[in-house]
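Data block below; observations after.
None of the figures in this text is laboratory data; all of them are computed from the coordinates on show. Here the structure is a predicted model, which means the values were calculated and not measured. When we count neighbours, we look across all protein chains shown, and the Cβ atoms used for this are built from the backbone with ideal geometry, even at glycine.
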Amino acid sequence: MRVRTLAAVLLTGALALTACGKEGAPADQGAAPAGLFEVAKDVTVAGSPTFDKAKSRGSLIIGVKEDQPGLGYKDPTTNKYSGFDIDIAKLISAKLGFDPEKIQYKTVQSAAREQALINGDVDYYVGTYTINAGRKEKVAFAGPYFVAGQDLLVKKDNADITSKDTLKGKKVCSVTGSTPAKRIKDEKLTEEGNVLEFQGYSQCVTKLLNGEVDAVTTDDAILKGYAAAEEGKLKVVGKPFSSEPYGIGLPKDDKALRDKVNDILQASLDDGTWQKIYDGTLGKSGSSAEKPKIDRY
C-alpha cells in the first residue's frame, strides 16, 4: 500500500466506516444530544487570569489533537473537529459561559503541549493528555476525565505479538514526546533502535499498514479508533499494560480555573452528561467505559 498523507489516512478511515454501516465514523463523532452544550449565564471564576483573558477576548482557545478518530479528529473536508475529547472541551466551554461554536481550536502535538500552556498559546488543552508527576511540575491538570491503558495495534493476521512481552526484535511506532514511547524505552520492551517516533499517530498507522513497523503503541482508546477506521486490516492486542488518566491541561498557577473545571467534570459524571458524551463518541468504537474519579490535588 502506498504511503498516504495524514488527511488521506483519516478520510479513508471515515469512508471505510461509513461504507460498512458502522456507527461512530469520524464524520458523525461530534453529534451530541441536543441541549448538551447549553451556555451557562453570568459565570465568574474569581482569581483566574486565564478566564479573565478569555472573557476579554470573547472566546476560548483550546489545544486539541486532530488525528485521533473517536477522540480528537479534524474532518479534512469540512475542517470541523469531533470526538470525545472535543465534546469534553465543548462542555467545559459552555459551563464557563462561552459559546462552544466560537471555540478557536489549536492543534498542538504531544511534545509541544506544556510549552503551549506555559506560553499562553491555549487556555486549556484536551487531547489524550496523561496526568503524571513530571508534567505537573510544568502545568496543572483538572480531572481525570477518562482512564485509558497502553496497548498495541498490529496487523489483523499478526500472530507473533500477543502482549508487551513479545515485542523483542520488533519495530514499534509511537509519537514523539508521548508517555507510551517513553514506557517502551524505559522498560526495554524492544531494542532502542527499534522504537520509531513521529509527530502523529496517523503516520505510525501508515507505517504499520505498509509493513514498515510491526506495531503501534499508545492508549487503547486511540488504537481502537484506528482499528475501526481500517476494519479488517488491523486489530488491538487487548492486553493493556498501563493506566493512563487523561486530564485537562491548564496553566500551572491557575488554581481557580482548575477547581472550576473539576466542578464541571464532577457534575457531568453525577448527572449523566459524561456518559452521554461517551456513548455518542468513543463508545461507538467498542472501547469500554470506566468513569474516572476526580483528583483534587
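Which order results if SER93, SER163 are arranged by neighbouring Cβ count within 10 Å, fewest first? Display every interim value, and only then the final one.
Numbers: SER93 26, SER163 13.
The most exposed by this proxy come first: SER163, SER93.
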Practice task
Might you report the magnitude of the Cβ-based charge dipole of the chain about its Cα centre, with Lys and Arg at +1 and Asp and Glu at -1, to the nearest 20 debye?
Solution key: 340
Exercise for the section: Grab the beta carbon distance between VAL39 and GLU192, set R0 = 41 Å, and tell me the FRET efficiency rounded to 0.05. Expected result: 0.25
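Counting only other residues whose beta carbon sits under 10 Å from that of GLU114, what net charge do I get with K and R as +1, D and E as -1? Don't skip to the end; give the middle numbers.
Details: positive: ARG113, ARG135, LYS138, LYS252; negative: GLU137.
Charge balance in the 10 Å sphere: +3.
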Handout entry: Distance-filtered residues of the stretch 176-206 - backbone nitrogen under 12 Å, label point 7 angstrom along THR77 Cα→Cβ
Key = none
Exercise for the section: Please label the shape of the stretch 118-175 as rounded, prolate or oblate, based on the square roots a ≥ b ≥ c of the eigenvalues of the alpha-carbon gyration tensor (a/c under 1.5 means rounded; beyond that, a/b larger than b/c means prolate, else oblate). Expected result: prolate
Completion exercise
Note on the chain: contact order normalised by length, alpha-carbon pairs under 8 Å, 6 or more apart, percent, works out to 27
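How compact is the stretch 150-236 by the rule of thumb for globular proteins, expressed as Cα Rg over 2.2 N^0.38 Å? Write out the running numbers ahead of the final one.
Working: Rg = 11.4 Å, N = 87, 2.2 N^0.38 = 12.0 Å.
For the stretch 150-236, the normalised Cα radius of gyration comes out at 0.95.
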Practice task
Would you mind telling me which residue in VAL172, VAL213, VAL45 has the biggest mean-square fluctuation in a Gaussian network model of the chain, where springs connect alpha carbons within a distance under 10 angstrom?
Solution key: VAL45
Completion exercise
For the stretch 150-236, averaging the sequence separation of alpha carbon pairs under 8 Å that lie six or more residues apart and dividing by its residue count, the contact order in percent is 42
Exercise for the section: Using the structure shown, select from LYS55/LYS106; LYS80/LYS182; LYS90/LYS233; LYS185/LYS207 the pairs with a Cα to Cα distance greater than 21 angstrom. Expected result: LYS80/LYS182; LYS90/LYS233
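Helix-derived [θ] at 222 nm for the chain: sum -39500 (n - 2.57) over DSSP H runs of at least 4, divide by residue count, nearest 500?
Per the formula, -9500 deg cm²/dmol.
Please sort 136-149, 258-271 by packing, taking for each peptide the average over its residues of neighbouring beta carbons within 10 angstrom, highest first. All intermediate terms of the calculation are to be shown ahead of the outcome.
Numbers: 136-149: 20.7, 258-271: 17.9.
Highest mean packing first, the order is 136-149, 258-271.
Fewest Cβ neighbours within 10 Å first, please rank ILE294, ILE86, ILE184, ILE131 accordingly.
On the way: ILE294 15, ILE86 30, ILE184 25, ILE131 22.
The order, fewest Cβ neighbours first, is ILE294, ILE131, ILE184, ILE86.
Got a sec? How would GLU197, GLU212 order by Cβ neighbour count within 10 Å, fewest to most?
On the way: GLU197 19, GLU212 13.
Lowest count first: GLU212, GLU197.
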Practice task
Go through GLN115, ALA256, ILE131 and say which Cα lies farthest out towards the positive end of the charge dipole of the chain; charges sit on Cβ, +1 for Lys and Arg, -1 for Asp and Glu.
Solution key: GLN115
Handout entry: Fraction of alpha-carbon pairs over 32 Å apart in the chain - percent
Key = 22
Practice task
First select every other residue whose beta carbon is under 13 angstrom from the beta carbon of LYS239; then total the charges, Lys and Arg +1, Asp and Glu -1.
Solution key: -1
Handout entry: Around GLY134: net Lys/Arg minus Asp/Glu count, Cβ-Cβ under 10 Å
Key = +2
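Within the stretch 150-236, what percent of beta bridges assigned by DSSP are antiparallel, to the nearest 5?
Numbers: 7 of 13 bridges.
Here the share of antiparallel DSSP bridges comes out near 55 percent.
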Practice task
For the stretch 108-220, give the magnitude of the charge dipole about the Cα centre (Cβ charges: +1 Lys/Arg, -1 Asp/Glu; no others), in debye to the nearest 20.
Solution key: 100
